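So the structure is just underneath, and the comments pick up after that.
The values are calculated or read from the model by the stated rules, or taken from the named source; none is laboratory data. In this text the structure is predicted, and so the values were computed from the model without any measurement. Here the Cβ positions follow ideal geometry from the backbone for every residue, glycine too, while neighbour counts run over all protein chains shown. The protein model used for the area step is the full one, side chains on, heavy atoms only, and it has no ligands, DNA or RNA in it. Shrake-Rupley method; radii C 1.70, N 1.55, O 1.52, S 1.80 Å.
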Amino acid sequence: MQNSEVFILAIESSCDDTAAAVLNNDKVLSNVVANQLIHNQYGGVVPELASRAHQQNIVPVIDAALRKANVQKEQLSAIAFTQGPGLMGSLLVGSSFGKSLSLALNIPLIAVNHMHAHILAHFIDEEGYDKPEFPFLALTISGGHTQIVKVNSFFDMEIIGETTDDAVGEAFDKSAKILGLPYPGGPLIDKYAKEGNPKAFTFTKPKVPGLDFSFSGLKTAILYFIQKNKQENPNFIEENLNDICASIQHTIIEILMDKLKLAVKETGIKQIAIGGGVSANSGIRTTLKESEAKYGWKTFIPKFEYTTDNAAMIGIVGYQKYLSKRFEDSSVVSKARIQF
């Protein structure tokens, strides 16, 4: 079966981006994403508005993906969709459309765990990008998750470390909000950090045992730091924005790297892959790449378009599940929280 032509239509609607992709085996033919800019004015994603926007976007996005891939509906081998985790209203739009289309075309339906997809995006056949070998360690970093995962095979993964409170993406976005930056603030911290001194200000790193993370204390420390300095100098943020952002980013990267180094020491695995929206951060990507020479690791950093929420990553999991006939019927349900 692996040598045959398999066409997967993948649908991703876990949060505020409506995405569809078409894969021919492990190659991406199209990867279309419709962003929802309406949330920017609210400083975060509004679930009800997100689900309504998905309903408006899903048909044109899927149509665009099929047209761009030059694939007819009748050529599709299976439909893959995000089952969870995510916003329930958003997930239901994608799953309902996926179920309907699979029934109409009489082709298999495949449910995909969004976090598995971030990890397995590394197995998309992309020129210039190596694929990790099993076993490897995956650092999944996003607005809702911070995990270190031991990946033994496509369908055998074990979380060996995770956040005990906030995710790293939230730490970036909340820090940006404290600085008065607009939503989403994480990319802006990355932007300003490039021009700043990462050691201008020092923030205490949380002491969490083992491979687990914590970011709530860091957020509080940043808040008190800004409040204190603004009392002494009302223009403190404006005068030091680049240095503040660089120092925040440097601290977060050190927290991540400390845990990764410990995970390598404990497991003996020196292959490290990153995934999730925060892996688009240039500081994290650069630091991880430098670790190859520094620690003798082999690192895997995905193509930028496969880091944020996208359907291509759903499609590659769909392809692997198709090969092993891991199909669902129409009784499968979306889950805001899903067992890893």
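Sorted largest first, the principal axis extents computed over the alpha-carbon atoms of region 272-321 equal 36, 21, 11 Å.
Taking chymotrypsin sites (Phe, Trp or Tyr not before Pro) across region 144-191, the ones in a DSSP loop with at most 16 further Cβ atoms lying within 10 angstrom of their Cβ are F155. Size descriptors for region 69-108, from the alpha-carbon set: Rg then Dmax equal 11.4, 32 Å. Between amide H atoms placed 1.01 Å from N, distances below 5 Å from G276 occur with I141, all of them 5 or more places distant or on a separate chain. Of the labelled figures [x] 20.7; [y] 19.5; [z] 21.4, only one reflects Kirkwood radius over Cα pairs in Å as derived from the coordinates, namely [x].
Across the chain, Cα pairs under 8 Å and at least six residues apart give a relative contact order of 25 percent. Note on K270: lysines with a C-alpha under 19 Å away, same-chain residues under 8 apart excluded, are K131, K150, K259, K261, K289, K294, K298.
Across region 167-182, coupling constants 3J(HN,Hα) worked out from phi with the 6.51/-1.76/1.60 Karplus curve, θ = phi - 60°, read 8, 5, x, 5, 4, 5, 5, 5, 4, 4, 5, 4, 7, x, 7, x Hz, and Gly and Pro carry x. Lysines within cross-link reach of K335: Cα-Cα under 16 Å, excluding same-chain residues under 8 positions apart? Filter leaves K99. Packing here is the average count of other Cβ atoms within 10 Å per residue, and on that basis the peptides 270-281, 179-190, highest first, run 270-281, 179-190.
Per-atom-type breakdown for the chain gives carbon and sulfur 49% of the accessible area (1.4 Å probe, protein chains only).
A simple spin-label model places the labels of L262 and E290 2.2 nm from each other, with each point 7 Å out along Cα-to-Cβ. Among 314-325, 231-242, the peptide with the highest mean count of other Cβ atoms within 10 Å heads the list, and the full ranking is 314-325, 231-242. Accessible surface calculations at 1.4 Å, restricted to protein heavy atoms, place the chain at 45 Å² per residue.
Distances longer than 16 Å among the Cα atoms of region 172-242: what percent of all pairs is that? Cα-Cα pairs of region 172-242 separated by over 16 Å account for 55 percent. Label zone of E238 (point 7 Å out along Cα→Cβ, amide N under 18 Å): in region 170-204 this covers 178-182.
Using a cutoff of 8 angstrom between alpha carbon atoms and counting only pairs six or more residues apart, the relative contact order for region 169-256 works out to 42 percent. A compact globular protein would have a Cα radius of gyration near 2.2 N^0.38 Å; the ratio found for region 217-285 is 1.46.
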